[in-house]
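Asker: Take a look at this one; I'll ask things after.
Read-outs: derived from the displayed coordinates by stated rules, not from any lab. These numbers come from a predicted model, not from an experiment. Using ideal geometry, Cβ is built from the backbone for each residue, glycine included, and neighbour counts are taken over all protein chains shown.
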Amino acid sequence: MKFKLLASPARWRIFRFLLAFVLLASLVTSYIYLKHRPSYALYDTLANHEVSESRRFIRNSPDNKYVFFRQLQGAGFNNQAQEILLFHHLALLTSRVYVYQPIIWRPRGSEATVPLSAFIPSITRNSVSAAVFSEACSPEETRRVDINIDHGALWEDTKQQLSGDEKCIVVENWILNWGFLASDALHAIWPEFQKYLSAHFQWSDPIRAIAARAQADLTLRGPFNPEGERYIALHFRRGDFEGHCQSLAEQQTGFTTWATLPSLSPSIHSPTLNTTNHTSIIDHCYPALHRIVDLIDAQVRDKPHLRTLHVLHDGAWDHPLVYAQHYRLAATLTNAQRAREAGWVGGPMKRVTHSAQVPIQWGEADWAVAVDVELARRAEIFVGNGYSSLSTQVVALRLGADGGRVEDVALL
Ligand SMILES: *[C@@H]1O[C@H](CO)[C@@H](O)[C@H](O)[C@H]1NC(C)=O
Ligand SMILES: *[C@@H]1O[C@H](CO)[C@@H](O)[C@H](O)[C@H]1NC(C)=O
């Protein structure tokens, strides 16, 4: 009896505690969900607009020739964006209308899609949505081709096949595969692709608006915020890369896409990448903090005007340790004594900002990755990871779309 009398309030306390915990957990879950809640209405509007514009374009230009490529389904946003840009470029080079497909958007589920115009509407202009491909091309007018994926010959072979008179061509095999994107064959494409980027690449209005807002809020200098501070951007690629880098090391894989450009080899942190050496691959793909610090030392030691660092990272609720590493890095780089010992002229970093501080509002979460790319593109110096498609996309935009200098790019 006595026991019961004592136990009841204790049990009640536990019950209240559990209740409070469950309530809190559901609040956090719904917050995360709502923050990421897709703006379905906006996407429906964009998808409908894509279809009506495509129909108008098909109607108004009956002599068009079209090409539909088999595209990567899934992977990260930048992997898809890089491929889409190359396909669009190939279509324009061969005077064909690019038949574009939506972005596969994993954060919403493995099959979820987002209209391409939500991200890069410039590609959808004078192109046709895959949703109405059959209205442009009957099966009788369509030739289906398989292209020999020998890396060295692939690009020219594809151009030749697409130069035919057929009204519509469907490329049935996946031509821009990982091996091709890591191969030297890409180097010959670069001069033309730079021109393509500068003529045809533009983010959507919301992405540009969020990037401008971020630069204003974080006092970072950019075209919309000339009063902000000049900054160096670091792509701190962690998250799932720990395991990914191990498998890349086992497969002896080198850098991806534009990070392999010979003009960038002086920008790569020494010792040089040796793809037959496991340790070397890990050093470049998943660098220890001291390697990152060394590289930043080398970039800013003699540049006292550059004392703001913006870190793009992938810390999230499923990768909480990335935050711990980020704060360790920030503490190291803002340490006055260490800066002195490392020979920094003009003292340590004054400010370190990072991805989680980008003012993303409700319903904007899908754009965060593109905003990260844009903030790194606008930085005075960019320190990236040659194994990452985000980093190499930043490099492509800086050097290609903006005519930037390789000296202002460093790769880990
Ligand atoms: C690359 O690494 C392999 C194995 O670790 C080594 O045998 C080779 O000498 C290295 N090559 C260079 C150029 O350092
Ligand atoms: C492999 O790379 C690491 C890191 O760059 C280096 O320290 C080591 O000497 C290399 N091993 C060989 C056999 O070249």
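Asker: If you add up the charges near PRO320, with Lys and Arg at +1 and Asp and Glu at -1, over every other residue whose beta carbon is less than 15 angstrom from its beta carbon, what do you get? Could you put the intermediate results ahead of the total?
Answerer: Details: positive: ARG238, ARG328; negative: ASP240, GLU242, ASP314, ASP318.
Its environment carries a net charge of -2.
Asker: Once you have a ≥ b ≥ c as the square roots of the Cα gyration tensor eigenvalues for the chain, tell me rounded if a/c is under 1.5, and otherwise prolate or oblate according to whether a/b is larger than b/c.
Answerer: On the way: a/c = 1.89, a/b = 1.29, b/c = 1.47.
Cα axes put the chain in the oblate bin.
Asker: Moving on to the next point. Tell me, what is the percent relative contact order of the chain, built from C-alpha pairs under 8 Å that lie six or more residues apart?
Answerer: Details: 611 pairs, mean separation 76.6, N = 412.
Relative CO of the chain lands at 19 percent.
Asker: What is the sum of charges, Lys and Arg at +1 and Asp and Glu at -1, for the other residues whose Cβ falls under 12 Å from the Cβ of ALA75? It would help to have the intermediate numbers written out before the result.
Answerer: On the way: positive: ARG106; negative: GLU83, ASP240.
With Lys, Arg at +1 and Asp, Glu at -1, the neighbours total -1.
Asker: Next up: Identify, among PRO266, ALA331, GLY386, the residue whose Cα sits farthest towards the positive end of the charge dipole of region 205-411, taking +1 on the Cβ of Lys and Arg and -1 on the Cβ of Asp and Glu, with the dipole about the Cα centre.
Answerer: ALA331
Asker: Along region 222-235, what does the Karplus equation 6.51 cos²θ - 1.76 cosθ + 1.60 (θ = phi - 60°) give for ³J(HN,Hα), rounded to whole Hz, x for Gly and Pro?
Answerer: Each residue's phi maps through the Karplus curve to give x, x, 8, 9, x, 7, x, 8, 5, 9, 10, 10, 10, 8 Hz.
Asker: Here's something else I'd like to know. Tell me the label-point distance for the pair LEU289, TRP174, using the 7 Å Cα-to-Cβ offset, in nm and rounded to one decimal.
Answerer: Distance between label points: 3.7 nm.
Asker: Next question, about the same structure. Rounded, prolate or oblate for region 205-411? Axes are the square roots of the Cα gyration tensor eigenvalues, ordered a ≥ b ≥ c, and the cut-off for rounded is a/c under 1.5.
Answerer: Details: a/c = 1.39, a/b = 1.18, b/c = 1.17.
Rounded shape, in that the Cα axes give a/c under 1.5.
Asker: Add +1 for every Lys or Arg and -1 for every Asp or Glu among the other residues with Cβ under 14 Å from the Cβ of ALA185, and state the total. Let's see the in-between values first.
Answerer: Values: positive: LYS159; negative: ASP150, GLU156, ASP157, ASP184, GLU192.
Net local charge, ALA185 excluded: -4.
Asker: Would you mind ranking ILE381, ILE282 so that the residue whose beta carbon has the fewest other beta carbons within 10 Å leads the list?
Answerer: Numbers: ILE381 21, ILE282 16.
Ascending Cβ contact count within 10 Å gives the list ILE282, ILE381.
Asker: Over region 41-196, calculate the relative contact order: mean separation of alpha carbon pairs under 8 Å at least 6 apart, over the residue count, as a percent.
Answerer: On the way: 201 pairs, mean separation 44.5, N = 156.
Relative contact order, region 41-196: 29 percent.
Asker: If contacts are Cα pairs under 8 angstrom and at least 6 residues apart, what is the relative contact order of region 145-225 in percent?
Answerer: Numbers: 36 pairs, mean separation 17.8, N = 81.
Result for region 145-225 is 22 percent.
Asker: Let me ask something else about it. Going by average Cβ density within 10 Å per residue, which order do the peptides 246-257, 134-145, 209-220 take, highest to lowest?
Answerer: Values: 246-257: 17.2, 134-145: 14.2, 209-220: 19.7.
Those peptides, ordered most packed to least, come out 209-220, 246-257, 134-145.
Asker: Now a separate question. Testing the spin-label approximation: label points 7 Å from Cα along Cα→Cβ at LEU27 and ASN274. State their distance in nm.
Answerer: 5.6
Asker: Dipole size in debye (nearest 20) for the chain around its Cα centre, Lys and Arg Cβ +1, Asp and Glu Cβ -1? Could the numbers behind the result be given before it?
Answerer: On the way: 40 positive and 40 negative charges, 418 e Å.
Here the chain has a charge dipole of around 2000 debye.
Asker: Now, a different point. Stretched out fully, how many nm does the piece from LYS350 to SER263 gain, at 0.36 nm a residue minus the Cα gap? Each step should come with its number before you reach the end.
Answerer: Values: separation 87, 0.36 × 87 = 31.32 nm, distance 3.19 nm.
Here the segment from LYS350 to SER263 would lengthen by 28.1 nm.
Asker: Moving on. What's the exposure ranking of HIS200, HIS187, going from fewest to most Cβ atoms within 10 Å? If you can, show how the numbers build up before the last one.
Answerer: Working: HIS200 17, HIS187 13.
In increasing order of surrounding Cβ atoms, one gets HIS187, HIS200.
Asker: Still on this model: Check which residues have an amide H placed less than 5 Å from VAL311's amide H, if you skip close sequence neighbours.
Answerer: LEU234, THR353, HIS354, SER355
Asker: Once you have a ≥ b ≥ c as the square roots of the Cα gyration tensor eigenvalues for region 41-196, tell me rounded if a/c is under 1.5, and otherwise prolate or oblate according to whether a/b is larger than b/c.
Answerer: Details: a/c = 1.72, a/b = 1.15, b/c = 1.50.
Since a/c reaches 1.5 but b/c is at least a/b, the shape of region 41-196 is classed as oblate.
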